[in-house]
Structures are given as C-alpha cells and as structure tokens.
Amino acid sequence: MKNKKIILLILVTLLFSGCSVKYNLYINNDLSVNEKVTATENTNSLRIKTGETPKLAANSLFDLYKIDGVNYSFSTTEKETSTTGMASTSFNSLEEYEEYFTSDIIKEVNISKKDSYITLEFKQDVALSEYASRSLIYDDIEINIEIPFKVTENNADSIDGNVYTWKITKDGKLKDIKVTFNTNETKSSRVFDLGFFKINVKYSVLLGVGIVLVILIMVLIVYLNNKKNNKF
C-alpha cells in the first residue's frame, strides 16, 4: 500500500513539464498535517505537448494517476497564458506524513522528537538542472511550511509570520531544509505542565496578570506605608 500512495509533489508534477511548483505544508495545533501542491504551466506549451486542451489534459492525467483510498482533491484553472493544477490532502499525524512521504527530488523526510521539540529535515538529492534529460522538468519549486508553534531553529530562505519558505532553483545546488519547533510554546502562548494536566496560557494573559500583580504590590506598599505613618 505504501508504494501505491504517491506524495502530491510527484502526482501533480506528472501533469506538467517546465513548470513552477509551490508546495505548502501546514502543521496544525494537534500536529495533524495539511498538504497542498500547486503547479503552473504555460497553457500553449501544455496544449502542444498533450494534444488536448490544458484543462482536459490535466484532469485526464490526474484520473490516470490517482490512487484509490487516498483522500485528496484536485482542481484546475485554465487561463490564456497559464494553466494551474492544485491538489491537496491531509494526514492525521506527522508520523503518517513521514511514512508515506515520497519525492523525486528529495530523498526522504526525517522527523525527530526530543521532549517537546520536533525537528523536520528534508534533504534534496537531485538538482533541478539534472532533469534536462528526464520527463519531469521543473523551473523552480517553492516550499512553504506553516508552523503554529515557536520555532527555535531554521535555515529558511525567508520568513513571513508563521510561514517558513525555501526556494529550489536551477542553480545546481542541493537544498537542505531544517526547522525545529517547540510544541509547548507558540508565538502568542505557552503550555505549562502542572503534572496532572497541561494548561495553555496566552502571553497577553500573562502580561495582564503581571500588570495586575505590580499594581497590587504598589497598592500594598502604599497601604503599609500609610498605616505605619498613622501610628505616629
């Protein structure tokens, strides 16, 4: 079953050659995973290569390569200059995502855990420029990983809020992708382990509690000073 479940990065790019690919990986608060791949190809080029209308060619190829039992969706958008295919699926856990991961440019994904810290590593083992003699030709690939937790280490090319982005281009260089995050902490909250249960407290609440405590301490100091002065 595993070798029949094709990761979307392969499935979608089978539809296009010389295309631009955007790979989006969303990690949710419960550590389930949503995956979306968008591939864009020149409309005229796709029409010439397949002999069909681009939208029909994309859908026909998707029907040919789709796997029974895999829960994904696929749609196409045809414009005058470009045709876009978009596929998406989800996994119940990072372990399930890692188990079925397959790619023709990335050897494997390695997910490791230590306490509340999780590290995702992807190692590219084939440069895009090497595809000149193969059936799949990528112009560029953009990989976006959206993480709701606090990231403690990463080698992203760019960061926009919770989205970490890496770009793979035809420069012959292999890209290593690495990101580590703490599941006990987000950018806006932290999980406190009290032994019998865990509680997620927002930093705004902690700040508010801190301000209240400071005010109470100041009021107490003023009260005690006044009480002391009234004795004389």
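Tabulated values for the structure
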quantity	calculated
Backbone N under 13 Å from the S45 label point (7 Å along Cα→Cβ), restricted to region 76-116	81-84
Proximal charge balance of N110 [Cβ under 9 Å; K/R count +1, D/E count -1]	-2
Residues of type aspartates and glutamates that K55 reaches as a straight line, Cα spacing below 18 Å, ignoring anything fewer than 8 places off in the same chain	E41, D63, E78, E80
Extension gain (nm, one decimal) between K114 and L213, 0.36 nm per residue minus Cα-Cα	32.1 nm
Greater than 28 Å apart at Cα, pairs in K49/K79; K150/K170; K49/K170	K150/K170
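Coordinate-derived values only; no laboratory data. Computed from a prediction, not measured in an experiment: that's the story for all the values here. Note: ideal-geometry Cβ built from the backbone for every residue, glycine included; neighbour counts use all protein chains shown.
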